[in-house]
Structures are given as C-alpha cells and as structure tokens.
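**Student:** Let me begin by handing over the structure; questions about it come next.
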Amino acid sequence: MFENLTNRLSRVLDGLRGRGRLTEDDVRGALREVRMALLEADVALPVVKDFIERVRARATGAEVLQSLTPGQAVVGIVHRELVAILGAPVPFELRARPPAVVLLAGLQGAGKTTSAAKLARWIRDTQKKRVMLASTDVYRPAAIQQLEKLAAEIDVPFSAPQGAESALARAAAALEDARNHSIEVLIVDTAGRLAVDEAMMDEVAALHQRLEPAATLFVVDAMTGQDAARTARAFHERLPLTGVVLTKADGDARGGAALSVREVTGAPLLFLGVGERTGALEAFDPERLARRILGMGDIVGLVEAAQSAEIDQGAAADLAQRLKAGDGFTLADFRAQMQQMQKLGGIGALKDALPAKLAGKADLAGGDRTLRRLGGIIDSMTPAERRHPELIKASRKRRIAAGSGTTVQEVNRLLKQFAESRKMMKKLKGGGMARLMRGLGR
Amino acid sequence: MFGPRKKSADEQPKLGFVARLRAQLNQGDSFLTRDVRELIPAGRPLDEELLEELETRLLLADCGVDATRHIIDALRKQARKERIVGADAALAALHKILTEMLEPVSVPLEVDATQHPFVVLVVGVNGTGKTTTIGKLAARFRAGGHSVMLAAADTFRAAAIEQLVAWGERNQVPVTAQAHGADPAAVAFDALEAARARGIEVLLVDTAGRLQTKQNLMEELKKVHRVLGKSGAGAPHEVLLVLDATSGQNALSQVELFNEAVPVTGLVLTKLDGTAKGGVIFALADRCGIPIRFVGVGEQAGDLGEFNAPEFVAALLGDAG
Ligand SMILES: Nc1nc2c(ncn2[C@@H]2O[C@H](COP(=O)(O)OP(=O)(O)OP(=O)(O)O)[C@@H](O)[C@H]2O)c(=O)[nH]1
Ligand SMILES: Nc1nc2c(ncn2[C@@H]2O[C@H](COP(=O)(O)OP(=O)(O)OP(=O)(O)O)[C@@H](O)[C@H]2O)c(=O)[nH]1
Ligand SMILES: [Mg+2]
Ligand SMILES: [Mg+2]
C-alpha cells in the first residue's frame, strides 16, 4: 500500500545521477516525496513542515550532489534526521522517595491499562522492585476489573480500596496502600479521556497534583493520525509528561504519531507496546522506529521473530548469528526465512518486517503472489548460486527465469534487492537487535 | 455497575443528533471553517494558493494524500468551469464534492425482520470501541422495539466479558458468555442457538480486538464467521467493522485486511466527539465503497448516530452546507 521512500526518491533523483548538481526543482521534487511519505506515515502536518525545512539545506549539500545514488543519499539524510529528532533512548529510571508513582494517561482505548500491567511486570523483573498496580477508572464498565485481573495474572499486588468512589479517592487510598506495603513503585492507571473534555482533564490534573508522580507517561496508539499532535499538546499543557509509550506497534501502522508526539511534547519515547500480552513491551529504539516510519522494514526483527517463535530454532539462531557477523546471508537463508515467515504470520508480518522492495510493492493479496514468484526464482537456482549470487551471469539468469516461469528482469530485480538488503544488514550489525515479536500471535 | 458518568452528549440540552454532532465536531478548532473564512475574503477568487491552503486542511483532517488530491483536483476543475468567488462559494463547492463522495456509502443498516435472529458480528482492531458500540446498538435496537441478545465472543482480553455483561445489565438484555479463554466460535454458535430458541430478534456478537496483520487471529475470526454461517439462514447478516476516528491512514489497511478475512458489510466510525476529524473515510469511500452505518460521539448508550453524508460534511465544514 505504501511505497517505500527509497523507491520514490530513487525514481525522482537517480536519473539525475552524475549531473554534478541538482536544480532547485530537483530538490523540491525530492522534498515533495519526503513530505508525502511522512504524511502517509501519519506524521502530523506541522511536524512534517518543520522536518522538511530541516532537511532542505542538507539535501543540496555535497553528500547528495556527489552521490551516485542521490535518491539514497537523500533517504540517508532523512533517516538520520528522523533518528536525531526521535532522540536517543533514555533509560527508564524512577528517582523518587518510595513509593515512586508512575501515572499513565491518554485517549480512550489507547492501551493504558494493558501498558500499566506491562510496565509493572517490566519494572519488577528488570529493576527488581516491589510494584503495585492501582486503577482510577471509575467510569468505563469493568475497567477496574480489567486491571485487577491483569495484576493477578502477573502476580503483582493490586490496590482495591473499600468505599473509595472517585478517581481521586482511589488514588489517595492507593498511595496509602503502597506505603503500608513498602511498595517501591506504584503504577496508576487512569480512565481514557478526550483532551477537549475539560472536567476530565481537570480530574487528571488533580490526580497528578495528589500523586506527585515520578513519571507521567502519555500512552498513544501507533495507528493515530494527525490528531496525535493536537492531543499530545493538550495533554502536555495540563500534565507535565515525562515519557511516551507507543502501543500497538506490532501491526503494520507506520507510527508517524510517535514523531508528532515527540516533537510536540519533547518528552522522550520510552517503550513500544508490541502485543496484547503483558510481556509484549519493548524498549524504544530510534533507528528502528525511523526505519519503520520511512517504510524501510526491519530484517533483523524478522529474524529474531522467527527465533522467538521456536520454529526451526536451530536454523533461525544460526542465521541470526551469521547476520550479526554481518555477512553470510545467502539466498538460501532468504528462502528459508520466507517459508518460516509464512508459517509465522504470512505476508502481513513479512511485509511489515521486510523493506518494501523485497516484500513486493503490490497490494497484500498480490504480495503473497510476489512472494511465491520470488520463492520460485530462488528454487530454480543451484545451491552454489544461492550461496554465491555473484555467480549468476546472463546465461544462468535466463535458465533461472525459464525454470521459475519468470523473466530475466524479475531475476535481476531479486538479485539487486538481495544485494541491497545484504548491505543493509551489514550496517545493522550490532545495533538494534532487540527482539521483536511482530506478527506472532498476541 | 456504572460509576459516575462523564460529561456526555446525553446530558446536553435536547438538540437534534446532527446539531449535537456538529457542536462536538466544532469543538476546538474546526478544521476548515475558521481559517477558510479568514482566508477567502469576499471577492477573492479561488486560486492555487487557496487551493493549497484547503489541501492543508484536508490533510490535517486525515483525509490522506490520495483522497486529498482527488478532492482538490475536483475543486480546481470546478473553479475552472465556473468562477468561485468568496468563502461561501468555495465552501459550498467543497461541501458538494465531499458529500458526493460519501453519498454512495451512506446506506443505513436495516434489520431484516424475517431473520430470527438478525445476527450482527462486530469486528475491529484493539480498542476502537467495539464493545461500547454494541452497548449503544443494544440500546438503539431496544428503543426500536426489538428484542436483543449479546454474545461475549471476546474471550481473550481481561474483563472483556464483564464489560459486555455490564452493558447487558444496563440495557436489560441477556448476554451469552462462557469462561475466559473459551473458543470464541463456540460462544458465538451457542449464542445463536440460544437466541433462536428464545425468539430473539437481534443478536450482537462482540469479538476480541485484533490487529489486521495477525494471520492466526484473522483465522480465528474467519472461524467465528464460518460457524455462524453453518447454523444457517445466512448469518451473520451484518459484519460491522468498527474504526476509530482518531486513526490515520492505517484505517485503510484495516478495512482491506478485515474485508479479506470476513466480508465486511458496514463500518462504524467512533470517537468523533474528540478533535480527530475522521477524514480517512473519504479515502475509504473512494477505495472500498463499504457503507458507513453509524458514528460514535461519546461513551454513553445514546452517543450513537446513523451516518448521513450531508450531515457529516455539514458538521465537518460548519454551517456552510
Ligand atoms: N496488539 C496490541 N494490542 C494492544 C497493545 N496494547 C494494548 N492493546 C489492546 O488494545 C485494547 C485497549 O487496551 P486497554 O489497555 O484496555 O486500553 P485503555 O487505554 O486502558 O482503554 P480505556 O481505559 O478504555 O481508555 C485491548 O484490546 C488491548 O489488549 C499492543 O501493544 N499491541
Ligand atoms: N469519546 C468516545 N469514546 C469512545 C467511543 N466509543 C468507545 N469509546 C471508548 O473507547 C474505549 C474503548 O472502547 P471499547 O468498547 O472497550 O473498545 P473495544 O474495541 O471493544 O476494545 P477491545 O475489545 O479491547 O479491542 C472505552 O474507553 C470506550 O468508553 C466514542 O464514540 N467516543
Ligand atoms: Mg483502561
Ligand atoms: Mg471489546
């Protein structure tokens, strides 16, 4: 559905290669593509405009002018700028006299309650602290029960005050509970609310005042559109936000909302929610999020996903190992990955994780077809060719195309894309290896 | 069961639904009216600069790159044919274009009274408002004189069953549920049998939220659909996909992939009471043509309205319609 930015910019700029200088028109054209890509990724328009101004100057610099592939050079600049704006990862540390309070707020259905449970589990397990959960959602039916059940599931104490009927009374009682049980971290869930609902915004401001949280986290759905900027600003005006949790990042949403929220509030992105289960919480990684927003895929995440799904563990671990070494990724591996990914979650998950070029730009139905064709091409190669694609010259290409019922152009395209992703993986080596359960069940 | 209520559209002075929706949509910054009227002083023709401004507004409303281009192109074409001068003329022209895009998809949901029960399967990604919409629909069908039953086929999310049961109590309609973790298809099937046995007219089936890219969960949904179908009489008679107006372009992927798994016959757009504009429906109308049945404008039982194109556009543009 969304075309990869690299493809679009290559189309606009690579024809100009070697001309030595780009005209103002060329740059404008390239920036238009960047703008559209960011808008399609749901980055808020004012944020897009600022961003474009930032890259404009650099897009006319020597880096692009002297590049053999000006399109990719621009992508590089855009990517770096995005990473810079998203900000370096900040460790989630709670420095406060216990109980340190973590307050979660956000729109209806954003994922606050689920994230509260995930955070409780994460803090307890990684920071070895005594954690308690509390709910102040006295509005939505069964909202309190929801958190209570999640707390029981992860075996974290839940504050269930008797007779406390308002959100504020429940918060006060929870603080009391936490003190009585020598709790180190108290995580307080709140009801979903609209930024334009003044009574409800007053309530959350009062909760903040009463609880004096060490961390006030804005929970935002990765699928959010332009409203993310507006809403984040409004929340930030009433609540000094100290961090952001981006939920539902396990789907195919590009997550431009993360950039909008980060720009508008200045609060650091801390965590990504990557599933419905309480373990599905990931530390924020700017490199990966930037690639995602640009539609550039995440091959390392894909491999690790295969690994964690315990499907063909040996092969996956092996491959991950070789990928970390930065070489040795062969077409045979690629073929095996394709088969595994089909087992894991099919084309949806695959498209999410692969660069758009490899996954095929067709619609999703067509995507599976594209995959089968790609698979057919690789199947028609000899083992040696799969290990050493540089062997594949013109006559071999014709044979492979005939064998797979495809065309030499398609074979060429596959080889080119494969070479690119191999290069990309070399760059990825080391960094960004956190695990990603994308596309794997809940 | 229900705690104190938030400020709700219910409690506002008795306005018509449209007026309420309009008032709510115009809270905060109305995305077009304010600026456009400032921008287009009387006598100024609709030129490229103004078109660009309008384009900006449409993008800000989540209309998306493609649909926005389509709309602006149409407006430009019209401005070439007939001189469009001043804010009112520009807004009227835009109103007409937007309405015409939505008209084909504003088809209300009709309960087929010959079906006992008429089965509505409610699906969507996580947290869009499926369960709440079912609560609202139950109130609506009850008010329309139908007997209603709810089926708690979200057996996954913590307290999802309790949430639906609460809505059942509130509307005084029965809820069929099994234990947490039960097979959703089995719950749906049992509910259908129970509804049939009791002569219930409308059965509303709640399902767990699922991201459209999760193949295993989409398979689970297909199974629910299939099992309902096996029990005969063309069930489910309506598959409602619930979309969150706050969502951006991902809504297109949601519609595409859900529709691939189970034939979606209607859409509901929730949370239009916030500052989100729901402009993605223009792209949806453009691409998929699935009827938009209802809009959600709050968290209470009464906060549901039938989708209607001219009203929706009028609400979006202010009173220019
Ligand atoms: N796939 C996925 N689903 C999530 C994630 N986080 C939350 N959810 C789901 O999103 C839905 C809403 O989550 P909740 O935690 O209830 O959201 P909330 O913000 O507390 O909602 P309200 O209290 O009603 O405003 C549920 O179905 C969750 O299981 C995530 O990271 N990935
Ligand atoms: N403001 C507003 N809130 C809504 C509307 N519809 C639903 N909500 C709220 O959105 C949140 C999520 O609603 P649910 O009905 O639980 O959503 P769901 O789709 O059933 O969620 P899952 O089952 O977890 O996937 C709740 O806090 C609802 O009160 C609406 O039209 N306007
Ligand atoms: Mg909640
Ligand atoms: Mg639900």
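The values are calculated or read from the model by the stated rules, or taken from the named source; none is laboratory data. Predicted model, so just to flag it, every value in this text is computed and none were measured. All Cβ positions, glycine included, derive from the backbone under ideal geometry; neighbour counts span all protein chains shown. Only protein heavy atoms, including side chains, enter the accessible area calculation; ligands, DNA and RNA are left aside. Shrake-Rupley method; radii C 1.70, N 1.55, O 1.52, S 1.80 Å.
**Student:** Long-range amide H contacts for B:ARG210: which residues qualify at under 5 Å (H placed 1.01 Å from N, peptide plane, sequence gap of 5 or more or a different chain)?
**Tutor:** Here B:GLY124, B:VAL125, B:ASN126 satisfy the definition.
**Student:** Across all directions of projection, what mean area in square nanometres is found for the Cα convex hull of segment B:67-177?
**Tutor:** For the Cα atoms of segment B:67-177, the hull's average projected area reads 10.7 nm².
**Student:** Just in segment A:375-421: which trypsin sites (Lys or Arg not before Pro) are loop by DSSP and have at most 15 other Cβ atoms within 10 Å?
**Tutor:** When the trypsin sites (Lys or Arg not before Pro) of segment A:375-421 are filtered for loop state and at most 15 Cβ neighbours within 10 Å, A:LYS393 remain.
**Student:** Further question: Where the centre of each part is set by its Cα atoms, how far does segment B:257-321 sit from segment A:160-211, in angstrom?
**Tutor:** Their Cα centres are 34 Å away from one another.
**Student:** Hey, another quick one. Calculated from DSSP H runs of 4 or more alone, at -39500 (n - 2.57) each and per residue, what is the 222 nm mean residue ellipticity of chain B, nearest 500?
**Tutor:** Calculated from helices alone, the mean residue ellipticity at 222 nm is -14500 deg cm²/dmol.
**Student:** Based on the Cα gyration tensor of segment A:3-86, what are the three equivalent ellipsoid semi-axes, each the root of five times an eigenvalue, rounded to whole Å and given largest first?
**Tutor:** Largest first, segment A:3-86 gives 20, 13, 11 Å.
**Student:** Same structure, new question: Among A:ARG193, A:ARG11, what's the order by accessible area (1.4 angstrom probe), most exposed first?
**Tutor:** A:ARG11, A:ARG193
**Student:** Segment B:191-248 to segment B:73-91: how many Å between their Cα centroids?
**Tutor:** Cα centroid of segment B:191-248 versus Cα centroid of segment B:73-91: 44 Å apart.
**Student:** Quick one: with all protein chains in place, what share of the accessible area of segment B:118-308 is carbon or sulfur, to the nearest percent (1.4 Å probe)?
**Tutor:** Exposed carbon and sulfur together represent 49 percent of the surface.
**Student:** Still on this structure, please answer the following. So, with +1 on the Cβ of K and R and -1 on the Cβ of D and E, and no other charges, what is the size of the charge dipole of segment B:98-158 about its Cα centre, to the nearest 20 debye?
**Tutor:** Computed about the Cα centre, the dipole is about 380 debye.
**Student:** Run through all the Cα pairs of chain B and give the fraction in each 10 Å bin from 0, expressed as whole percent.
**Tutor:** 6, 27, 31, 21, 11, 5, 1
**Student:** Relative contact order, percent, of segment A:136-271 when contacts are C-alpha pairs under 8 Å separated by at least 6 residues?
**Tutor:** Reported as a whole number, the value is 20 percent.
**Student:** Suppose every K and R has +1 on its Cβ and every D and E has -1 on its Cβ; what is the size of the dipole of segment A:3-86 about the Cα centre, in Debye to the nearest 20?
**Tutor:** 220 debye
**Student:** Okay, moving on. Which pairs, out of B:LYS230/B:LYS271; A:LYS248/B:LYS222; A:LYS128/B:LYS271; B:LYS223/B:LYS277, put more than 27 Å between their alpha-carbon atoms?
**Tutor:** Beyond 27 Å: B:LYS230/B:LYS271; A:LYS128/B:LYS271; B:LYS223/B:LYS277.
**Student:** For a quick check of your reading of the filter: which trypsin sites (Lys or Arg not before Pro) in segment A:122-154 sit in a DSSP loop and have no more than 14 other Cβ atoms within 10 Å?
**Tutor:** Hits after loop and neighbour filter: A:LYS128.
**Student:** With a 1.4 Å probe on protein heavy atoms only, tell me which residues of segment A:192-234 lose at least 40 Å² of accessible surface in the complex relative to the chain by itself.
**Tutor:** Residues shielded by partner chains are A:LEU194, A:VAL196, A:ASP197, A:MET223, A:GLN226, A:ASP227, A:ARG230.
**Student:** Could you report the buried accessible area between A and B, both sides summed, computed with a 1.4 Å probe and given in Å² to the nearest 100?
**Tutor:** Counting protein atoms only, the buried area is about 4700 Å².
**Student:** Another question about this same structure. Among B:PRO174, B:GLY144, B:VAL255, which residue has its Cα positioned farthest towards the positive end of the charge dipole of chain B, with +1 placed on the Cβ of Lys and Arg, -1 on the Cβ of Asp and Glu, and the dipole taken about the Cα centre?
**Tutor:** Farthest along the dipole direction, towards plus: B:PRO174.
**Student:** With every protein chain left in place, what is the accessible area per residue of segment A:3-86 in square angstrom, probe 1.4 Å?
**Tutor:** Heavy-atom SASA per residue in segment A:3-86 reads 42 Å².
**Student:** With +1 on each Lys and Arg Cβ and -1 on each Asp and Glu Cβ, how big is the dipole of segment A:139-218 about its Cα centre, in debye rounded to the nearest 20?
**Tutor:** In total the dipole reaches around 60 debye.
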